[in-house]
Each structure stands twice: as structure tokens, then as C-alpha cells.
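Notes to accompany the following structure.
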Amino acid sequence: MNISQKTTTEPRLVHLLYVPTTFCNLGCRYCYLGDQIDASDQFNKDCEDALNTLKRTVEKLIDNNILPFNISLHGGEVTTLPEPVLESLFLYIKEYYDTHRQTLEKHGFKKSNPHIKTNLYNFGQLYDLFDRHEVSISGSMDLPFSLHEKYRTTRNGNSSLNRILENVKLLGQYPHRKKISATLFSEHLKRQEEIADNIIELHETYGFDMNRFNIMFGFESDLSKKRHGKSTDPSITLKMATDQEQVAFYRFLKERFAGTDLTKGFQTLWFEEFTPSFCTNSFNCGEKFYLLQSDGDVYSCVRGQGNDAFYYGNVYNDTIEDIIKTGEKRISLVHKSLGLHEDCKGCDYIKVCHTGCPFVKLQQSSGKSYTCLLQKEMYRESESIYPKPEDQREKDDNLFEYASDMHPAEVAELKENLDQSANLVLPGDFYDEKNVLHQIILDDPVLTALYSPDAFIITIDDDDITLSSQILKTYREMYHLYPEQEVTIHIKEDIFRKNCRETVRNTLYIQMLRDTRVIYGEEKRTKQEHLFTHKVYFNHLEQSKPGWLKFRLSPLLELHKNLYLSGVINNLFFTTGDLRDYHYSVQKNNGFYHVQAINLPFQNFEFYWDSLNIKGEKNVK
């Protein structure tokens, strides 16, 4: 092989993910790649082009004085390729590292062996090949095992668990670099004890050192939804974990594994993805990270793969210079289009986080990182590594530095706001992390229950929709309801015992607002108009399923149908009487909570009332 090396000037160093095939041998129905994993008709061409596309791209990069410091094989599933194709890729990558070793090591990169990301399904049968080429392995599986069996199935729907567990045992004996990762959604975090038990089982019974373990948090993917249409199968509609769920899980693992031989893993690799060492914290990841497919298409990364907004060009049709410029511009455009989030404007760590992954931000229509609260928790625990600004001036400087480069259109307004507040002196602890709304909620068990993201489920005919607080949502959903539909609210029974001495006196508290505006109060605030309030005492709620109660909403909605206006959103809130009282008591006694929590922060459901039967329509804004 001929891998040229140019040394005239210092090269630009980039991370190159290579996807030799998008085809996958598993059928995880929540997969964010959507129908790209079904490309079996493209597979033979992938095998033919795999090596040539990688070689051609690397040569073009070197011709432009750009040097990949890491070439990782990703998918689809890499191990579906025939052994000769895999071996040719391994040999090429190893020779590439050998050729450029001196330059890479000069810049702190000591790469020598190929690396692959794999679902481990074929690991056993390819063990000798990997061992021969000292391939670094990053395996993925689901935790807990029960949800792996449920969601990570073969293409024909059979369980992959036993085979992958056997291969994990084999991976434990593998003499070269290896690790395992798991992607967790909200449903997974509801089984945190089971996850911890499985981590111990993998470590002790299956012989894999679980200090070499990565945790990732999943998110809803437009491509997955597109692949499966409007199905309500929960294996497709898995919800991403909320900020509070992520932090609670982090704290649980910290306590569970404190003082054990897995403490090191928790402190280093387990949550490493949420540190500045990862691409998700880059100022502009389009400047350094690229994903190449065997057809020559270049995307931002595995998350952006197949998404037009994250497509940079094709190495067979476009120049490397144009692809690089397109990457920088596209990522910048995504960040700009979402604006600078209010939380980020007041954050101590904007210089560290850079507001998070642009792809997930776009998917969630949110201007800040989907792991924001978790990151802050981790930064505070490592203050020597991630020090907070020494004073407000440094904090403002960090904000303006980021905004000037990424959101220049907002700089003038930021400065104007700063000038207007220059004469306003706020208490110094107003800026403390402990006084941020999310932290106030986490530190108060009753508020944690009040804002619980899984305590209220509304059922429309046979479809379940889990409700969350309107001020904690990262996006807004609006549904269409019709008179003939059956609508029921299900409430976790335990929620009625929070801040409550006698459940017999507690109530399900239902309040309806309409998006027609009224002005009232000494502050002359403009707010949604109240339509009605309805209370149902605890003893008169029906049993739904073990641990849950229910109340049929259809008659209540029908009773007030004359209040619903065509084309106007109705906003339906749920809480308990005692939790509502607690919210207002905290508002009265805690000024930090008062200025951040609106009057109705409860779990809500927004809908249009339609007399025509056009079921299934949902607007997302």
C-alpha cells in the first residue's frame, strides 16, 4: 500500500469515523439510524467499495494537509462485512498509523491499532481475526438485561441477549483494548437497581472489567419515527431521560458503587461522554469530526448520519475544502437557528459545555444540552478541573466570548440587558448553582414528586402519553381531541401521599386554561385564560392497575365543550391538591424558586378540540 506523508507545514488534525456499511444484523426498533440499517441491496457494493473509499478519502485529506488522528470503524454493523474485507481495512488502518506515527505522537495521539464499534453479535466468530490484528473493541448492549431482551432483537424479532452475553464473557478474556457501552432511555432508568445488579453480574460472573464501561443517554430520532410511521409501539417511542432522571441515576450509581472495585470506573469512563473531552462539548464539532460512508457521503457523525442538515458532501463529487467548509457552516447554522438558551446565558460552565450536541439540540428543538443538569453536577464535583468563574465579570466575559463567535446577532441585546441591570444589585447567592430551579427541585423530595415526569399518563383510546411539567419540557406537543374519543388520566397512587397526612382529604386537581390572553393582578401580567377547575377526592378514583389510579376525562371534556374555540389551544393541567398547596408555599418562602417557577408548573396536556373525526394528527413545535 502507498500511504503518502506530507510534512511541509503542521497538518490540521481531524477525527474520522468510517462506516463501511450501514447494514445491521440486529433490528433494534428504537435505532436512531432509521431504515438506513435495512440497506441489504447496497451491501455487496459496500463490500466492493469499503477499502477504496477509505484509501481515496485519506489520500485527499493528506493532499490538503489534513491528517486523521483517529480512524474508527462504525456502522450499521461493521462485523457483517466478510472477513477478507475486514482484514483489508485493518491492514490499511494499521499501516496508516505506522506511517504517520511520528506526527501523531508529536500532537499527543498514540494510535497503532484499528478500532471498531460493534453490537458484539458476531464477536465470537471473528475473535481470531480481531486478535491477530490487535483490534480495539467497543461493544454495545442494553442494560438492564430485561430491556436488552425486549428492545435489542435480531432482525426477525428474536432475542439476542444470550449470544451477546456469551460474547461479553469472551471479550473479558480478549487481550487487547476493549470496553462496553449502554444507551439508556427514561424507561431504563426506572430500573436502576436492576442495572446496578447487571453491572455487578457482568463484572463478577461474566469476567468483563466493568471499569471499562460507558453510559450514554438515548434520544428520540426523526429517522426512527419516519421508518415506523405513526406506530405507538413503546419500543419505537422510547422517551429520552429527563434532566432529573439523569442526575438521580448518577447519584444512585455514585452511592451504590462507592468504595467498591468499580469506583474508578464511575469516576472516569462511565460518564466520560458528558465531559469536555467528547465532541458533544466542542465549540463547533464541524471543524474536527467527520463521518464517511463507503459511498463517499460525509456527515457530521453517527448521530447526524442520513440527516440532510448534517450532510457535508461527497468525496467523489466535492473537494475536501468544500466539505470542510460545509461542515463548519452547517454546525454553526444549527446552533444559531436554535438561539442562545436563557439557561446558558446565566451558566457558570458555558466555556466548558458550549451548549451541547447540535444534533440532539435540533431533534429536541432546544438551545441547550440535553444533559445540562448532569453536566453541572459533574463539573461541581470536579471543581479543580472545571473551576467556576471567580466573579460575575469573568462569567460575563465567558458568555460574550461564546456569543460573539456563535451568536453574534444576540451580543447587542446581551450587552443592553447587562447595562440595564448594572444598577440592580442582587444577592450574591442568586448565582449559586444550588439556587437554580432544577437543583432546588432535586434537593426537595416533595418538589421532586410534584415535577415527576412519570406520575401522570393520559390515555386517548389505546394510546398512552406520559405527561411532564410544562416548564421542564424541551419541546411542545399539541394534540387533536374529538368528541367520540375515550380519554382517561392515570395517576401514580404514591403521588397522593406526598405532603399529605390523610389521603382521604387529598384530591386529583384538574385545571383547564385556554390560549386566549387576559391581563390581571397588580403586576398586570398577560396569561392564558382560566376555563374551569375540577377536583376529585382520592377515595373516589378508580383502580387502574397495581399502584395506579384513574379518572375518566371524556365526560368532563364534553361538559365544557362550549368553552373550546376553533383553532385555539386548550391547556389541561394535573396535580394533587396537597402538591399544589406545597408549590405555592415554596413560592412564598423561597425567592429563588418564586422567580423561576411559574404559577402553573404542573404536568400538562395541550390540545385542539375538533368536531370532525381526523384521528392521529399531532403538531410538534
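Annotations
- The lone criterion from (1) touching a residue at least 12 places away in the same chain (Cβ under 8 Å); (2) part of a loop (DSSP other than H, G, I, E, B); (3) open to solvent by 10 Å² or more (accessible area, probe 1.4 Å) left unmet by D142 is number (3).
- Taken over segment 477-500, the residue count meeting the criterion of being modelled with pLDDT of 90 or more and either in a strand (DSSP E or B) or of a type outside the set (S, T, N, Q) (or both) is 14.
- Among residues that are over 30 Å from N44 (Cα atoms), polar (S, T, N, Q) and open to solvent by less than 20 Å² (accessible area, probe 1.4 Å), S160 is not included.
- Here the condition is being modelled with pLDDT under 95, more than 24 Å from T153 (Cβ to Cβ) and touching a Leu at 6+ places or on another chain (Cβ under 6 Å); of L13, L104, it holds for L13 alone.
- Qualifying positions in segment 56-91 - within 14 Å of H115 (Cβ to Cβ) and assigned to a strand (DSSP E or B): P68, F69, N70, I71, S72, L73
- Residue selected from segment 308-329 under the condition open to solvent by 30 Å² or more (accessible area, probe 1.4 Å) and part of a loop (DSSP other than H, G, I, E, B), by the criterion farthest from C24 (Cα to Cα): T319
- Residues satisfying the stated conditions in segment 587-601, i.e. open to solvent by less than 20 Å² (accessible area, probe 1.4 Å) and in a helix (DSSP H, G or I): Q587, Y593
- Considering residues of segment 501-541 that are of a type in the set (D, E) and either surrounded by 13 or more Cβ atoms within 10 Å (Cβ to Cβ) or assigned to a helix (DSSP H, G or I) (or both) only, the residue modelled with the lowest pLDDT: D515
- Residues (among the aromatic types (F, W, Y) and in contact with a strand residue (DSSP E or B) (Cβ under 9 Å, 6 or more places away or on another chain)) located in segment 317-353: none
- Candidates L333, L292, filtered to the one that is over 27 Å from F249 (Cα atoms), in contact with a helix residue (DSSP H, G or I) (Cβ under 9 Å, 6 or more places away or on another chain) and in a strand (DSSP E or B): L292
- Subset of segment 106-139 [in a strand (DSSP E or B) and hydrophobic (A, V, I, L, M, F, W, C)]: I116, I137
The values are calculated or read from the model by the stated rules, or taken from the named source; none is laboratory data. Since we're looking at a predicted model, the values are computed, not measured. Cβ sites come from the backbone with ideal geometry, for glycine too, and all protein chains shown count toward neighbours. Side chains are part of the model used for accessible areas, which takes the heavy atoms of the whole protein and leaves out ligands, DNA and RNA. Shrake-Rupley method; radii C 1.70, N 1.55, O 1.52, S 1.80 Å.
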